Structures are given as structure tokens and as C-alpha cells.
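The values are calculated or read from the model by the stated rules, or taken from the named source; none is laboratory data. Every value quoted in this text rests on a predicted model; they were computed, and no experiment measured them. Don't worry about glycine lacking a Cβ; one is built from the backbone with ideal geometry, like all the others, and counts go over all protein chains shown. These accessible areas exclude ligands, DNA and RNA; they are computed on the full protein's heavy atoms, side chains included. Shrake-Rupley method; radii C 1.70, N 1.55, O 1.52, S 1.80 Å.
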Amino acid sequence: MSTLHVIDHPLITHKLSIMREAETGSKDFRQLLDEISMLMGYEITRDLPLEDVEIETPITKMTAKKVAGRKLAIVPILRAGLGMVDGLLALVPVAKVGHIGLYRDPETHLPVEYYCKLPADIEDRFVIVVDPMLATGGSASDAIQMLKNRGCTQIRLMCLVGAPEGAEKVMADHPDVDIYIAAMDEKLNEHKYIVPGLGDAGDRIFGTK
Ligand code: PRP
Ligand code: URA
């Protein structure tokens, strides 16, 4: 069974509150999302296994520890997921980045696939799927399925704001995938937007509305 980790940290809560405010502009919104992604990245990588390596300090030889062979891939769901990539790359600069393009049909609210480009060895990698919004869960669930269809077995989902319905869908569809989220909001409205939420994440990041 997957675990839902709500990352409860005063800095994340504070930054998210500013992002939620309607008057916060794109520049600040992007900057805050970047900072929160880095803070969340610290938690999502907390249990990466370490291995012993022999190194030499200026003083002596020693057995030190480095992150073991499990290579990372970050996979943003376009567009809004792009805003969470740099914060994670700042922590793990050698991670590869794949892209999955999905948009929600405005009538049905179901995800429609329009792009997929992943690292060639994606099936060997520990994959972190990123998208700020987990609303109905359709986009995240489909993106995870696309990765599984390409052989991925180690997948985590990192979102900023979620609705209970979305988390339940991903957990039901993918019980092997843990979810990391900064806040679980109350509900979805009739347009399947998260309430209170922060509006349309893609539009707020890229200033398209
Ligand atoms: C938003 C968001 C998620 C999706 C969440 O993307 O970034 O991908 O909606 O909704 P769901 O959980 O109900 O699937 P959107 O489709 O608006 O595309 P965009 O990122 O290009 O704006
Ligand atoms: N997508 C968004 O960007 N915001 C929501 O609240 C729901 C879906």
C-alpha cells in the first residue's frame, strides 16, 4: 500500500500561502515553487540508500558513504510540472529529466496525452514524477502508468497541493507509488479545481491568463 506523506514544514507552509494569494505574480510564484521543490526534495530523497566508498581526505584514507547506484530521473508533467524541476536538480544535478505532456480536457476533465520523451534507461532509474496540482488524480495516474508501461518499477509522485479525491485515485491505481505533497486541501469545485487551491498552476507559472 502506498503512503501519503504530507510534508509539514513552516517554511513550506509560509511560501505556499504566498503562492495561493491571487495577487502574487508569475515571477514570485515561480521562485517560490522552485524553493518549495528544493525543500520537498530534501524529504523525498531522505531514504536513498548509501554505500561505502573508499576515499582519501587530505589527512588519511577512510571509508565514507555516497548515494548508492540507484540513478534518479525527474519527470515533470507538462506544463506546470516544469516549475518543480530546477529545485530538485539543485539537489541532484546528475539526475536525468524526462517529459510527459498531458492536458486536461476542459469538458471531461480527463487527461489527454500529447508528448512523451524519457531517458533511454528510464526503467533502471528511480523516478520522481512532479506536478504542482493533484486534482482528480487523472494526470498523475496516467503519467505513472506511462512510466510503468516503459518498465519503471521505482516511482514516487511529488505534488504541491492535492485534493483527497486525487490522492485516493493515485493510491488506488498505483498502490506501489508513494505520494509527497505540501498540502492536502479540502475538495474539488464543479470545474474540478482544487478548493481553496491556488488556481491554474500552469497559467500562474507562465503568465498565460
Ligand atoms: C494541471 C496540473 C495537472 C493537472 C491536475 O494541468 O498541472 O497536470 O491539471 O489535474 P488532474 O489531477 O485533475 O488531472 P493542466 O491540464 O491544466 O495543463 P497545464 O499544466 O499545461 O496548464
Ligand atoms: N489544475 C490546476 O492547475 N489547478 C487546479 O486546481 C486543478 C487542476
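The table for this structure:
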item	result
Where Leu110 falls short, out of the listed (1) under 20 Å from the mean Cα position of the chain (by Cα); (2) more than 16 Å from ligand 1 (Cβ to nearest atom); (3) open to solvent by 70 Å² or more (accessible area, probe 1.4 Å)	(2)
Top-ranked residue of the stretch 181-209 - restricted to ones that are open to solvent by 10 Å² or more (accessible area, probe 1.4 Å) and within 16 Å of Ile44 (Cβ to Cβ), ranked as farthest from the chain's Cα centre (by Cα)	Ala183
Residue count, the stretch 156-176 (criterion: under 25 Å from Asp34 (Cα atoms) and surrounded by fewer than 22 Cβ atoms within 10 Å (Cβ to Cβ))	3
Unmet criterion (only one of (1) open to solvent by less than 70 Å² (accessible area, probe 1.4 Å); (2) within 8 Å of ligand 1 (Cβ to nearest atom)) for Val85	(2)
Conditions (1) within 30 Å of Gly207 (Cβ to Cβ); (2) open to solvent by less than 90 Å² (accessible area, probe 1.4 Å); (3) touching a residue at least 24 places away in the same chain (Cβ under 8 Å); (4) of a type outside the set (A, V, I, L, M, F, W, C): number failed by Tyr42	(2)
Residue within the stretch 137-144 that is of a type in the set (S, T, N, Q) and more than 14 Å from the chain's Cα centre (by Cα) present	no
